[in-house]
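Notes follow the structure.
No lab work stands behind these numbers, since they all come straight from the coordinates. Computed from a predicted model, the values in this text were never measured in an experiment. Every residue, glycine among them, receives a Cβ derived from its backbone with ideal geometry; neighbour counts consider all protein chains shown.
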Amino acid sequence: MRSLKLKVSNMLKVRVFALSIFAFGLIGSHVYAISAPSYVFENEKDNQDKLITNVKASYNPVVEQIVVSFKLSKQSNVTIKLMDALGNEVLHLFNGSLEEGNQNQLFDTNEKVSPGFYFLRVASGSETVVKRISIK
């Protein structure tokens, strides 16, 4: 009888120990080792499906130019517009066909834009990317 109680007690300790390892595995391994790489993989997959990626916009006040850079996954017709906070078109910057790859476009504002916050809208087909830009 005594040996039976000892075995049950040891089994209980082993189960508690195993549960603590399992819980640590869920917190440590699962979140950091399993979830993080799969999340990155999903983002890479999403970027492969997109036509327009890596859109960056900036304003150079010295020469009064808007600089737009982005990457196209295939040749397509692209429209670039500068919009105000209400969504009204301020400047129509570009409308035409661009080749696949990295694109760098420069646009003169010619003092047509007053200081403030605007939105740069880059569209191609059914895909549109909007970036905020500050003009000083």
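Annotations
- Ordering Ile135, Ile52, Ile80 from the fewest to the most neighbouring beta carbons within 10 Å gives Ile135, Ile52, Ile80.
- Neighbour counting of Cβ atoms within 10 Å sorts the residues Glu64, Glu111, fewest neighbours leading, into Glu111, Glu64.
- Fewest-first sequence of Phe70, Phe107, Phe94 by Cβ atoms within 10 Å of each Cβ: Phe94, Phe107, Phe70
- For the pair Gln65 and Asn110, label points projected 7 Å from Cα toward Cβ lie 1.6 nm apart.
- Computing Rg and the Kirkwood Rh from the Cα coordinates of the range 49-98 gives a ratio, Rg/Rh, of 1.00.
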